[in-house]
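Engineer: Just dropping this structure here.
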Amino acid sequence: MRPLARSAELLAESMGDELLVYDERTDVVSALNRTAAIVWRSCDGLHTIAELVDVLGEEIGNLADEDLVMLTLDSLDEQGLFESGYRRREPDEASFSRRRFIRQAGVVGTASALLPVVASVVAPTPAAAATEGPTGPTGPTGPTGPTGISGVSG
């Protein structure tokens, strides 16, 4: 396997060690922690899984292993961040990898800090973001909200 990260219709912005990826097709924003960002940026369609382990190891040290890379790839694929070269594993196999990685890492705090995190939220479309809600254009604390002009707190 040589995973190729998707680039079409994606916008990526670094935030320290993390990476925010906005998918223009689905209006989903994915926040990748350091581990996930390193792996995703390295998925150029040329690196094998073993080579991705080496790349990750250069960044985070000897806790990088195939289980951690595979968990990361599963999480990234779940969010549709690959063009080709990777097929997500069955949930049982992924769970086994997670348990094995934590057992090998030894210290749960260290392992949990390195586990890939790919958190996603749906971004509102521009039209939805501009739509007035039930409390008016400025929300619940503005002139049309419960704590607005009348001075009544809500």
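Engineer: Looking only at residues that are in a loop (DSSP other than H, G, I, E, B) and of a type in the set (Asp, Glu) in region 45-90, which one is modelled with the lowest pLDDT?
Structural biologist: 90
Engineer: Restricting attention to region 27-53, report how many residues are in contact (Cβ under 8 Å) with a residue 60 or more places away in the chain and of a type outside the set (D, E, K, R).
Structural biologist: Going through region 27-53 one residue at a time, the tally reaches 9.
Engineer: Any residue in region 79-93 that is closer than 11 Å to residue 7 by Cα sitting within a Cβ distance under 8 Å of a residue that is aromatic (Phe, Trp, Tyr) and surrounded by 14 or more Cβ atoms within 10 Å (Cβ to Cβ)? List the pairs, counting only those 6 or more apart or interchain.
Structural biologist: 81/40
Engineer: Go through (1) buried (at least 16 other Cβ atoms within 10 Å of the Cβ); (2) touching a strand residue (DSSP E or B) at 6+ places or on another chain (Cβ under 6 Å); (3) not hydrophobic (A, V, I, L, M, F, W, C) one by one and return the number of the condition residue 45 breaks.
Structural biologist: (1)
Engineer: Restricting to region 48-71, name every residue that is open to solvent by 40 Å² or more (accessible area, probe 1.4 Å) and under 24 Å from residue 120 (Cβ atoms).
Structural biologist: The answer is 59, and nothing else.
Engineer: Under the condition of being in a loop (DSSP other than H, G, I, E, B) and at pLDDT 95 or above, which residue from region 8-23 is surrounded by the most Cβ atoms within 10 Å (Cβ to Cβ)?
Structural biologist: So the residue we want is 9.
Engineer: Kindly provide the set of residues from region 24-44 that are farther than 18 Å from residue 80 by Cβ and either in a strand (DSSP E or B) or hydrophobic (A, V, I, L, M, F, W, C) (or both), ordered by number.
Structural biologist: 38
The values are calculated or read from the model by the stated rules, or taken from the named source; none is laboratory data. None of these values were measured; they are calculated from a predicted model. For neighbour counting, all protein chains shown are included, and Cβ atoms are generated from backbone atoms with ideal geometry for every residue, glycine included. Protein only, heavy atoms only, side chains kept; ligands, DNA and RNA dropped before computing areas. Shrake-Rupley method; radii C 1.70, N 1.55, O 1.52, S 1.80 Å.
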